[in-house]
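Take a look at the structure below.
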């Protein structure tokens, strides 16, 4: 790719800064479920991770969450300055669509379907909406439905679309796509509840941030709104719902089921 | 569109803040050249203006150019705050691709071609690259070729792609697309030279900013590098080149030619 060296470096810095790669893994696990070659999903999986990474870079900016560290490493703007961090995010977002549009092994119909779904999930009706709602909820006490709505837009939409992209690439039926999206929605909620629970009950060394930071930052969390026991029940409920959705789809479910279990039992 | 009210308001504020609408006009003028209905280009023209608008919002941010006013109105972050301005830009950029991907009156092949070309022109190999190079050139004395290279990426790529989109929508041949892109490249350079000349010789009341601000801001400009006479010669050269490119294409050239003349003779 032709791009100024500093820009390329800033984009790659955050892409290579680690993370769980959950969106790419969900997409590839869906392909595996449909017995498709995983190579079919590599580029789209990378495009999704570029969009996730852009959102983290912009989210960490001083004007937003003002975070100095992410996963133990200095955030993008701490290394490259705010201006380049903004542009690195813009570049990753734009490039993700170019990557998908230029894939020569997919039909134009499949590429348009992928781009449409991803832009919807990442844009002002999806992830960007969630960021705004999250900001506007700061300092307010939310009902559990409101919290769930915000989280679904902020992180759930892009998780769901990872499964949907895998399904589109596998030529899944509309019903299968619907069930996999619903699976994605439930594990997205479960993922966030688990995050909140780890902040209360987790092992500080494994999580990489101090326990109890949500309470001290006055954040809306599931344990805070529901209490610890009810939050755990809700986690189990959504994992069960996710598995039920998956049982409707005639595919090899093993890897997707184990990902759901991982989300419920993870320690970091 | 479902989106939080504040986000929608911030996105629309900058879209409606005026401007010359040159990219949409170039796209529609190309359709007119090919005797196509202008309605065929409305949505794609809007998508291009959304991308241009996002780039202005991010460019005006405190971490970038730190501008309080654009076209006599407070910039987006002065009205909505930095966080929402960043997200409004992100939202406009993402939504532009969703708009194109969801058009039901275009074939998937045409949509993919449009998205691919636009993402390339707007992304880390095009406009975002130009922004980075422009930043890195601050305080340095540039050669005219370097200045032209930066301007071409920063503004020329998106101008050229407006013509290319019009040509793609008109089912133009590869040769016609090539000539129209070249036309766009030359009027892009001419546009910037004229901008620089207006800052030296223009009418302050018509331009809306103080004459001589480029010199006092120590900016690299064509008159500064080449001198006034040579800068004017270069302006004429690129307008002639643009017209020569256009003469290669068998279309109704009248509107596109008058746009080139407007760019050379405009007073604001």
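The values are calculated or read from the model by the stated rules, or taken from the named source; none is laboratory data. Model, not experiment: these values are computed from the prediction. Positions of Cβ are generated from backbone atoms using ideal geometry, with glycine treated the same way; all protein chains shown enter the neighbour counts.
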Fill in: Counted residues, the stretch B:18-52 - those being free of Cβ contacts under 8 Å to residues at least 60 places away in the same chain and within 13 Å of another protein chain (Cβ to nearest Cβ)
1
Worksheet item: What do you reckon, is residue A:168 farther than 30 Å from residue A:39 by Cβ and modelled with pLDDT of 90 or more?
Response: no
Item to complete: Would you mind stating whether residue A:125 is out of contact with any helix residue (DSSP H, G or I) (no Cβ under 9 Å at 6 or more places or on another chain) and either without any contact (Cβ under 8 Å) to a residue 24 or more places away in the chain or within 12 Å of another protein chain (Cβ to nearest Cβ) (or both)?
Response: no
Discussion item. So for the stretch A:195-207 (the condition being under 21 Å from residue A:140 (Cβ atoms), in a helix (DSSP H, G or I) and modelled with pLDDT of 90 or more), does at least one residue qualify?
Written reply: yes
Worksheet, complete the sentence: Subset of the stretch A:98-116, residues touching a helix residue (DSSP H, G or I) at 6+ places or on another chain (Cβ under 7 Å) and surrounded by fewer than 22 Cβ atoms within 10 Å (Cβ to Cβ), comes to A:99, A:102, A:103, A:108, A:109, A:110, A:113, A:116
Discussion item. If I go through the stretch B:117-162 residue by residue, how many of them are part of a helix (DSSP H, G or I) and within 23 Å of residue A:82 (Cβ to Cβ)?
Written reply: 15
Fill in: Scan of the stretch B:1-17 for residues that are out of contact with any helix residue (DSSP H, G or I) (no Cβ under 9 Å at 6 or more places or on another chain) and away from every other protein chain (no Cβ under 14 Å), ordered by number
B:16
Worksheet item: Can you tell me how many residues in the stretch A:73-97 are in contact (Cβ under 8 Å) with a residue 60 or more places away in the chain and surrounded by fewer than 18 Cβ atoms within 10 Å (Cβ to Cβ)?
Response: 1
Practice prompt. Tell me, yes or no, whether the stretch B:59-68 has at least one residue that is within 18 Å of residue A:4 (Cα to Cα) and at the interface with another protein chain (Cβ under 7 Å from one of its Cβ atoms).
Written response: yes
Worksheet item: When you look at residue B:172, is it in contact (Cβ under 8 Å) with a residue 60 or more places away in the chain, surrounded by 14 or more Cβ atoms within 10 Å (Cβ to Cβ) and assigned to a loop (DSSP other than H, G, I, E, B), yes or no?
Response: yes
Item to complete: Check the stretch A:138-153 and report whether any residue there is surrounded by fewer than 21 Cβ atoms within 10 Å (Cβ to Cβ), within 10 Å of chain B (Cβ to nearest Cβ) and free of Cβ contacts under 8 Å to residues at least 60 places away in the same chain.
Response: no
Fill in: Scope the stretch B:102-113; condition at the interface with chain A (Cβ under 7 Å from one of its Cβ atoms) and more than 14 Å from residue A:107 (Cβ to Cβ); matching residues
B:102
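Looking at residue A:70, is it touching a residue at least 24 places away in the same chain (Cβ under 8 Å), crowded, with 19+ Cβ neighbours inside 10 Å and within 18 Å of the chain's Cα centre (by Cα)?
yes
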Response to the item:
Note: among B:197, B:246, just one is surrounded by 13 or more Cβ atoms within 10 Å (Cβ to Cβ) and free of Cβ contacts under 8 Å to residues at least 60 places away in the same chain, namely B:197
Practice prompt. Specify the residue that is surrounded by the fewest Cβ atoms within 10 Å (Cβ to Cβ); the eligible residues are those in the stretch A:45-63 that are farther than 17 Å from residue A:123 by Cα and under 20 Å from the mean Cα position of the chain (by Cα).
Written response: A:46
